[in-house]
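The values are calculated or read from the model by the stated rules, or taken from the named source; none is laboratory data. What you are looking at is a predicted structure, and each value in this text was computed from that prediction instead of being measured. Glycine also receives a Cβ, built like all others from the backbone with ideal geometry; neighbour counts cover every protein chain displayed.
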């Protein structure tokens, strides 16, 4: 199954390293995310490290393992759908995920309920993704 994965899923996988982490690593999924995701993770890196109670180098290892299963898509590949994405995204900060989903014709994997408040792009939560894998 191909999905656009949003930042909250990746952060959940990093922090908890439980079912979401296992699903990303073992779940026969083709995941992509906009480059915006890396910027978000980097902005929150220090806080994430503290929550995970690991060193900077350990954080880098875990993040690299996780990202080895996710393709980061450069903005140039979805910039042409950004304006439409801004009109359907329930929150402005989420429009890059919608832009990528529109460009690739894929659903989004997110646990943010508000992302389901539109009818253009299908959004799956962890339970729905687990039903597929």
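Observations on the model:
- Figure legend. Inter-residue proximity from segment 114-133: first residues over 17 Å from residue 18 (Cβ atoms), second residues loosely packed, with under 13 Cβ neighbours inside 10 Å, beta-carbon distance below 7 Å, spacing 6+ or different chains. Indicated pairs: 114/91.
- Enumerated helices (runs of 4 or more DSSP H) restricted to segment 47-133, each holding at least 3 residues that are under 16 Å from the mean Cα position of the chain (by Cα): 56-67, 95-104, 126-132
- Count of segment 1-15 residues which are part of a helix (DSSP H, G or I) and under 12 Å from the mean Cα position of the chain (by Cα): 8
- Note on segment 21-41: residues that are out of contact with any strand residue (DSSP E or B) (no Cβ under 8 Å at 6 or more places or on another chain), closer than 21 Å to residue 98 by Cα and in contact (Cβ under 8 Å) with a residue 40 or more places away in the chain total 1.
- Number of positions in segment 42-70 that are in contact with a strand residue (DSSP E or B) (Cβ under 8 Å, 6 or more places away or on another chain) and exposed (fewer than 11 other Cβ atoms within 10 Å of the Cβ): 0
- Considering residues of segment 16-45 that are under 14 Å from residue 64 (Cα atoms) and either part of a strand (DSSP E or B) or modelled with pLDDT of 90 or more (or both) only, the residue nearest to the chain's Cα centre (by Cα): 37
- Among the candidates 105, 27, residue that is under 18 Å from residue 1 (Cβ atoms) and loosely packed, with under 13 Cβ neighbours inside 10 Å: 105
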